[in-house]
Amino acid sequence: LLLLSRRVNKAASAILACIIIVGCLTTRFWMVEHIHDHRTIYTFTFARIDSIMIGCLLAMLPPPLAYLITTNGMRAAGFFAWTSGLILIAALMFATPEFMQETPPAFVLYALTSAIFILACQSVAATSYLRWALEHPISQWLGQRSYGIYLYHFPIFGALESFRTSGDLKNYALVAAFKISLSLGFAELA
């Protein structure tokens, strides 16, 4: 996409990204019907690359339009930022891995909601609580390490899952705190 956008134009890159998104979604629909182990959908690159393509499309967009800077635009951006943010939090809390893997549009809808959140947060008013929270040093620190946290959390969480005791809330909190601490620590060291 980067080469195509530099050699041809961004429109060609955007069209290719859209084709890949549709192909990826089609692949997931096929896999849900024909693959017995739906966990494969989570790990198979061609079933998940649509999220990266949505990120690429987001990076190719021109800067927000001037009307978003107006007061009404900021209010609209705030509404979309809060709404999409709450949807993302709800999905993290309630959407099980099985649901995400067995519902073909789930991953692309999550990625689109994330893109809306990112776009809207760029235009929220400077005085909003959301802007304050995103510009807080802790948020900045987490954002700078987010990819490392993403990479390291999966093996760490998997390795420590055997230490969980079913039905023991204290044990669950302790193991979760240890998983999170190790993920953050490895991301900081990397």
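Considering only protein heavy atoms and a probe of 1.4 Å, how much of the accessible area of region 93-190 is carbon and sulfur, as a whole percent? All intermediate terms of the calculation are to be shown ahead of the outcome.
On the way: 4730 of 6740 Å².
Roughly 70 percent of what the probe reaches on region 93-190 is carbon or sulfur.
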- The farthest towards the positive end of the charge dipole of the chain, of the residues Tyr152, Ile138, Thr103, given +1 on Cβ of Lys and Arg and -1 on Cβ of Asp and Glu, is Ile138
- Query: Roughly how compact is the chain, stated as its Cα Rg over 2.2 N^0.38 Å to two decimals?
  - Reply: 1.19
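So how do Glu98, Glu161, Glu33 rank on accessible area, 1.4 Å probe, biggest first, that is with the largest at the start? Present the calculation step by step, with values, prior to reporting the outcome.
Values: Glu98 105, Glu161 75, Glu33 140 Å².
Result, largest first: Glu33, Glu98, Glu161.
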- Task: Quickly work out the Asn9-to-Ala126 label distance, labels modelled 7 Å from Cα along the C-beta direction, and quote it in nm with one decimal.
- Result: 3.6 nm
- Message: At 10 °C and a viscosity of 1.306 mPa s, what translational diffusion coefficient does Stokes-Einstein give for region 86-157, taking Rh as the Kirkwood radius over Cα pairs? Give it in µm²/s as a whole number.
- Response: 112 µm²/s
- Pick out, in residue order, every one of the chymotrypsin sites (Phe, Trp or Tyr not before Pro) in region 99-139 that is DSSP loop and has at most 11 other C-beta atoms within 10 Å; say none if there are none. none
- Item | the chain - accessible surface per residue (Å², probe 1.4 Å) | 69 Å²
- Total charge dipole magnitude, the chain, about the Cα centre, Cβ charges on Lys, Arg, Asp, Glu only, Debye to nearest 20: 500 debye
- Query: Of Met60, Met93, Met31, which has the largest mean-square fluctuation in a 10 Å C-alpha GNM of the chain?
  - Reply: Met93
- Query: How many angstrom lie between the C-alpha centres of region 10-53 and region 129-160?
  - Reply: 25 Å
- Volume in Å³ per residue [convex hull over Cα atoms, computed for region 1-44]: 61 Å³
- Taking 0.36 nm per residue of separation and subtracting the Cα-Cα distance, what length does fully extending Leu160 through Arg75 add? 26.3 nm
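The values are calculated or read from the model by the stated rules, or taken from the named source; none is laboratory data. Everything numeric here is computed off the predicted structure, so don't read it as measured data. Note: ideal-geometry Cβ built from the backbone for every residue, glycine included; neighbour counts use all protein chains shown. Just the protein is used for accessible areas: all its heavy atoms, side chains included, with ligands, DNA and RNA removed. Shrake-Rupley method; radii C 1.70, N 1.55, O 1.52, S 1.80 Å.
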